[in-house]
Amino acid sequence: SHAIQLENFKPEEVKVTVDDGCVRIHAHHAVGNDENGEVREVKRCVKIPDGVDGSKVNCRFVNDNTYLVEAPLLRNEDDEETELKIESVPAITDGKKEDMQLVESSKPFETKLDLSVFEPDHITVKRRGNMVSVSADHSREEGGVKVSRSFRREFTVPKGVDYKQIKCVRDPKGHIAIMAPRTPESKK
């Protein structure tokens, strides 16, 4: 938000436009007639900072003298935690039959986990930025004894990997593979 002093102007005397990354404020007040009159005019340009959503600018008087310009921050996808859907696949290959002429850096990122002791609906995979967390929990009663299992793993996706395109798959044996393609820059 940005406050501007506009003394003795009415809301209808203030016009606001947003263009070229700036909020342009033009306040114009005129009283009197052609022979005797008074004109007051104020123009201000407020640059919209990086990371602010310029399409949602809101302007208003907060008191008789202060005009407030405000806009929300742009949503940063990396700050939000997203849950990854675990897709079922017939099998997860080990990739040993691939053409060995491929350059190591062009191979997609992949990490595998053996979570065969957990049911699919007990496994959660989440991503926040380039951090991936895998958790699994299971509890049951066996002969009057409560048995609990849990698994936690957190890792950072390496540089050069497009972490926004991470996929998670599970084969019928309960093996999980977390995969993502390399970024175009890292393939060079």
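Tabulated data
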item: CYS59 vs. criteria surrounded by 10 or more Cβ atoms within 10 Å (Cβ to Cβ), touching a Cys at 6+ places or on another chain (Cβ under 6 Å), over 22 Å from GLY129 (Cβ atoms) and outside the structural domain of LYS164 (by TED's automatic domain parsing); result: no
item: ASN65 vs. criteria outside the structural domain of VAL125 (by TED's automatic domain parsing), at pLDDT below 85 and farther than 30 Å from ARG170 by Cα; result: yes
item: The stretch 65-85, residues that are in contact with a Leu (Cβ under 9 Å, 6 or more places away or on another chain) and in a loop (DSSP other than H, G, I, E, B); result: ASN65
item: Residue in the stretch 176-188 that is surrounded by the most Cβ atoms within 10 Å (Cβ to Cβ), counting only those that are out of contact with any Ser or Thr (no Cβ under 7 Å at 6 or more places or on another chain), outside any loop (DSSP other than H, G, I, E, B) and not β-branched (Val, Ile, Thr); result: ALA180
item: Odd one out for VAL46, checked against (1) closer than 14 Å to ALA71 by Cα; (2) more than 25 Å from the chain's Cα centre (by Cα); (3) assigned to a loop (DSSP other than H, G, I, E, B); (4) not charged (D, E, K, R); result: (3)
item: Those residues of the stretch 129-162 which are within 28 Å of the chain's Cα centre (by Cα), assigned to a strand (DSSP E or B) and surrounded by 14 or more Cβ atoms within 10 Å (Cβ to Cβ), in sequence order; result: MET131, VAL132, SER133, VAL134, SER135, ALA136, PHE151, ARG153, VAL161
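The values are calculated or read from the model by the stated rules, or taken from the named source; none is laboratory data. It should be emphasised that the depicted structure is a prediction, and the values quoted were computed from it without experimental measurement. When we count neighbours, we look across all protein chains shown, and the Cβ atoms used for this are built from the backbone with ideal geometry, even at glycine.
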